[in-house]
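Please see the structure below; I have some questions.
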Amino acid sequence: MKTIFNRISLNLFSSIVCCCLFFSTASATGSDIIKEDILDAIEKKYSGKSFEANFTQISRLAALDITEKASGRASFSHPGKMKWEYMEPEHHEIITNGKVLWIFRPDENQVMKGDASQFFKSGAGGAFLSDISLIRKNYTISLKEITADYVEINLAAKTKNPDISSIVIRISQKNSEIERVVTYTPYDDTTLFEFSGIQFKKIDPDVFEFKMPYGVNIIEMD
């Protein structure tokens, strides 16, 4: 299990994106128009915002045919601040203030520390969750599916990325909240996130600063 999360934790993702757009297949006049409306709505709703959500994660390593499930709560704040607190199957935290990345595993008394920009460059690792402008900048966006219940858009990475090749986002037609995010790697690994309890709120900046416990082992990541 730790093999999956050591590898996939830095691929987070990816991504919470919601939009305030309501439309039906009958009203769609073309995929490009719909796509632009979705992007405009996402940017209007999420630019500069802070929010939290519960999540369930299902991660699969294709080469080993291993699938694991995890759950917890995530927090995001513009620009580039994230905290993923995993509660099941084991407690660990992934925190960044936009400059430094910490991965804390209390059961192992270990903190991995590194440069956030190296791990989240090009929008990888869920970076665009806290800076929505990275969607247009780093991905080619296409409309994947529209039903009466949801809309799906596909994000294909513009440049070759060892962590993420594409992301599929499902948005509820009922309330414009994200229902599902699936990230794909070049190795055919997948990470599926389902979100609930989304709350837009002001978040204390200290949430995104890791307070180093006394005596913890620190591992510097290149």
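The values are calculated or read from the model by the stated rules, or taken from the named source; none is laboratory data. Since the structure is predicted, the reported quantities are computational estimates derived from the model, not experimental observations. As a convention, Cβ positions derive from the backbone with ideal geometry for all residues, glycine included, and neighbour counts pool all protein chains shown. Keep in mind that these areas ignore ligands, DNA and RNA; they rest on the heavy atoms of the full protein, side chains included. Shrake-Rupley method; radii C 1.70, N 1.55, O 1.52, S 1.80 Å.
Which loop trypsin sites (Lys or Arg not before Pro) in the range 29-102, with loop taken from DSSP, have no more than 13 other Cβ atoms within 10 angstrom of their Cβ? Each step should come with its number before you reach the end.
Working: sites: LYS35, LYS44, LYS45, LYS49, ARG60, LYS69, ARG73, LYS81, LYS83, LYS99; in loops: LYS49, LYS99.
Answer in residue order: LYS99.
As a test of reading the structure, rank ILE66, ILE146 by solvent-accessible area (1.4 Å probe, protein chains only), most first.
Working: ILE66 60, ILE146 40 Å².
Greatest to least solvent exposure: ILE66, ILE146.
Considering the convex hull of the alpha carbon atoms of the range 73-222, report its projected area averaged over all viewing directions, in nm², one decimal. Don't skip to the end; give the middle numbers.
Working: hull surface 39.7 nm².
The Cα convex hull of the range 73-222, projected and averaged over all directions, gives 9.9 nm².
Taking the Cα centre of the range 73-182 as the origin, how large is its charge dipole in debye, to the nearest 20, when only Lys and Arg (+1) and Asp and Glu (-1) carry charge on their Cβ atoms?
Numbers: 15 positive and 14 negative charges, 120 e Å.
Dipole magnitude for the range 73-182 comes out near 580 debye.
If you don't mind, there's one more thing I want to ask. Out of the trypsin sites (Lys or Arg not before Pro) in the range 132-198, which ones are loop residues according to DSSP with at most 15 other C-beta atoms within 10 Å?
Answer in residue order: LYS158, LYS160, LYS174.
Tell me, Kirkwood radius of the range 51-97 from alpha-carbon pair distances, in Å?
On the way: mean 1/r = 0.0856 Å⁻¹.
Mean inverse Cα-Cα distance, inverted, gives 11.7 Å.
Now for a different question. Can you list the lysines whose alpha carbon sits under 19 Å from that of LYS137, skipping same-chain ones fewer than 8 residues off?
By straight Cα distance, LYS137 reaches LYS35, LYS44, LYS45, LYS49, LYS81, LYS121, LYS158, LYS160.
Given a cut-off of under 8 Å on Cα pairs at least six residues apart, what relative contact order in percent is computed for the range 128-222?
After rounding, I find 15 percent.
Got a sec? What order do TYR187, TYR214, TYR46 fall in by accessible area at 1.4 Å, biggest, i.e. largest, first? Write out the running numbers ahead of the final one.
Numbers: TYR187 125, TYR214 225, TYR46 10 Å².
Highest to lowest solvent-accessible surface, that is TYR214, TYR187, TYR46.
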